[in-house]
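**Q** Attaching a single structure in structure tokens format; questions to follow.
FYI, it's all coordinate maths here, none of it is from the lab. What you see is a predicted model, and the numbers here were worked out from it, not measured in a lab. Please note: Cβ atoms are built from the backbone with ideal geometry, for glycine as well, and neighbour counts cover all protein chains shown.
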Amino acid sequence: MELVLTKNIRPEGEPLTLAEYEQAGGYEALRRALGMSPQEVQRMVTEANLLGRGGAGFPTGRKWASVPMGERARTPKYFVVNADEMEPGAMKDRLLLEGDPHQLIEGIIISAYAVEASQAYIFLRWEYRLAARRLVSALSQAYHHNRLGRRLLGSSFSLDIHVHLSGGRYMCGEAEALLSALEGRRAVPRSKPPYPTVCGLWGKPTVVNNVETVCNIPHIVKHGPEWFRSLSLTDEGGTKLYGVSGRVKRPGVWELPMGTPIRRLLDDHADGMQDGYGFRALLPGGGSTAFVLEEHLDTPMDFASMEAIGTRLGTGTMIVMDDRTCPVGMVRGLEGFFARESCGWCTPCREGLPWVARTLEALEAGDGRPEDLETLDHHARWLRMGHTFCALAPGAMMPLASALKHFRAEFESHIGARCPWS
């Protein structure tokens with residue numbers, strides 16, 4: 001299998017310098033892109049069928065195509081990289097940020113050129129201090145060698161990239177809340193329409209893309225859309241960074257073809273369950289996805305296939321639940337996190353998530369009542385898209401709703417008794 005995103009990463013060493021990155025073929029795609037029109041670059045990304053790697057899987061080319069172009073478009077335009085990565089279980093973007101910052105920088109420059117943006121921001125999770133240090137160093141090298149700044153590489157295109165350390169809230173990973181935080185305001189989502197690509201950061205056209213998404217851009221421009229699509233096992237183009245955490249023998253992150261089956265990830269790369277532990281279920285794409293059981297382990301890990309079995313690919317970083325872990329306890333931990341991280345902007349999320357968390361805490365403590373399961377069912381059914389201002393609460397309900405469906409007996413065993421697994 002051909003490594004694309006991780007080929008330059010040295011696990012135990014410093015990332016490539018600019019000179020080393022260029023020796024490995026870096027910035028060749030940028031030179032090629034600058035010889036094309038922005039619309040031609042957009043077309044290549046559209047034909048590559050690159051779906052956003054932040055969790056939603058929205059087609060990147062279609063997002064870029066919604067940006068107003070030409071002399072009559074409002075300026076400046078902004079390109080923003082979402083490097084917040086606070087989804088429970090996610091750790092893939094950190095690998096790219098720390099391991100190959102020049103790949104991200106090249107991807108940002110090409111992406112900004114494609115949408116005619118003159119300013120770019122990397123919105124970085126505040127705990128990622130090593131990533132911040134390495135990004136600042138790589139940006140300094142890029143400016144020094146005219147890969148950034150005015151008329152970069154002798155072209156008519158100019159771009160500045162800024163690193164912004166986030167204040168540290170899960171809500172900042174939501175694109176509109178991220179833009180509010182970047183403006184120095186409370187991190188709350190915005191009503192749509194208008195969408196950020198028309199009216200985003202400071203009221204100007206803005207594109208927000210995930211780290212892994214942007215890192216794919218130089219490879220698409222350098223090798224072409226057909227090559228990129230050929231890397232995948234499905235119709236969704238490219239490779240994917242998949243992660244596995246939990247009681248497996250070898251937790252980690254691997255770059256594999258998009259559509260790699262779950263079982264191959266668990267058995268061939270994570271080396272199966274630790275001795276003495278059996279497999280019970282997993283969350284395929286972080287904490288805000290629905291549980292997958294053993295009967296679905298041969299399902300391809302791509303957006304369409306995950307949706308077909310009632311869950312989401314999300315970040316592609318799965319959390320494995322073993323047979324010694326209480327499903328109620330695991331969901332209680334997740335719902336407590338989501339309740340704490342709610343921005344409080346809309347009532348269903350602000351009031352509903354803490355209610356769910358307290359109900360689960362009561363069940364774990366042995367103070368549960370039969371009607372508590374009805375309460376949880378009610379929230380799982382009604383805290384959905386269209387009833388809340390953003391996707392935080394609906395995402396939080398995915399593990400709860402699927403746990404109530406698949407582990408009903410375990411929930412019932414908590415009524416009137418303390419957790420059997422405690």
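**Q** Going out from 0 in 10 Å bins, what whole percent of all Cα-Cα distances in segment 336-422 drops into each bin?
**A** 18, 50, 26, 5
**Q** Using the Karplus equation 6.51 cos²θ - 1.76 cosθ + 1.60 (θ = phi - 60°), what ³J(HN,Hα) coupling, rounded to whole Hz, does each residue of segment 277-292 give in order, writing x for Gly and Pro?
**A** 10, x, 7, 10, 5, 8, 9, x, x, x, x, 9, 10, 8, 5, 10
**Q** Based on DSSP H assignment, which helices of the chain show an axial Cα extent of at least 18 Å together with a mean Kyte-Doolittle hydropathy greater than or equal to -0.5?
**A** Those that clear 18 Å and a mean of -0.5 are 101-114, 129-144, 211-223, 327-341, 347-365, 392-406.
**Q** When the chain is fully extended, how far beyond the present Cα-Cα distance does residue 75 get from residue 307, taking 0.36 nm per residue of separation?
**A** Taking residue 75 through residue 307 to full extension adds about 79.7 nm, to one decimal.
**Q** Right, next: List the equivalent ellipsoid semi-axes of segment 218-371 in whole Å, largest first, each obtained as the square root of 5λ for an eigenvalue λ of the Cα gyration tensor.
**A** Each semi-axis is √(5λ); the values are 33, 21, 12 Å.
**Q** At q = 0.20 Å⁻¹, what is the base-10 log of I(q)/I(0) for segment 239-322 according to the Debye formula with one equal point scatterer per Cα and no solvent? Please give it to two decimals.
**A** Log10 of I(q)/I(0), two decimals: -0.79.
**Q** What number of lysine-lysine pairs in the chain show an alpha-carbon separation below 27 angstrom, given a sequence spacing of 8 or more or placement on distinct chains?
**A** Summing the qualifying lysine pairs gives 19.
**Q** Using Cα pairs closer than 8 Å and at least 6 residues apart in sequence, work out the relative contact order for segment 18-230, in percent.
**A** Working: 379 pairs, mean separation 66.5, N = 213.
RCO, segment 18-230: 31 percent.
**Q** Treating each Cα of segment 18-230 as an identical point scatterer and ignoring solvent, apply the Debye formula and state log10 I(q)/I(0) at q = 0.10 Å⁻¹.
**A** Listed by q, the Debye log ratios stand at -0.38.
**Q** Scan the chain and report its longest stretch carrying no GluC sites (Glu not before Pro) that are both in a DSSP loop and have at most 13 other Cβ atoms within 10 Å.
**A** Result for the longest clean stretch: 184-422.
**Q** Mind listing which trypsin sites (Lys or Arg not before Pro) in segment 44-74 are in a DSSP loop and have 11 or fewer other Cβ atoms within 10 Å?
**A** Answer in residue order: 72, 74.
**Q** Something else about it: Return the long-range amide H neighbours of residue 52 (sequence gap of 5 or more, or a different chain), with a cut-off of under 5 Å between placed amide H atoms.
**A** Placed amide hydrogens put 57, 58, 60 under 5 Å from residue 52.
**Q** Can you list, bin by bin at 10 Å, the percent of alpha carbon pairs in segment 152-274, starting at 0?
**A** 11, 26, 27, 28, 8, 0
**Q** Of 239, 347, 46, which is the most mobile in a GNM of the chain whose springs link Cα atoms less than 10 angstrom apart?
**A** 347
**Q** Hull surface divided by four, with the convex hull built on the Cα atoms of segment 49-91: how many nm²?
**A** One quarter of the hull surface, i.e. the mean projection, equals 4.1 nm².
**Q** When all C-alpha to C-alpha distances in segment 308-354 are sorted into bins of 10 Å, what percent of pairs does each bin hold, rounded to whole numbers?
**A** Using 10 Å bins, I get a P(r) of 21, 36, 38, 5 for segment 308-354.
**Q** Could you tell me what fraction of 2.2 N^0.38 Å the Cα radius of gyration of the chain comes to, as a two-decimal ratio?
**A** With N residues counted in the chain, Rg over 2.2 N^0.38 Å equals 1.00.
**Q** Ok, one more. Considering only DSSP states other than H, G, I, E and B, which trypsin sites (Lys or Arg not before Pro) in segment 287-357 qualify as loop sites with at most 11 other Cβ atoms within 10 Å?
**A** Sites meeting the loop and neighbour criteria: 324.
**Q** Expected output is a single nm value to one decimal: the length gained when fully extending between residue 191 and residue 153, i.e. 0.36 nm times separation in residues minus the C-alpha distance. What is it?
**A** Contour length minus Cα-Cα distance gives 9.7 nm.
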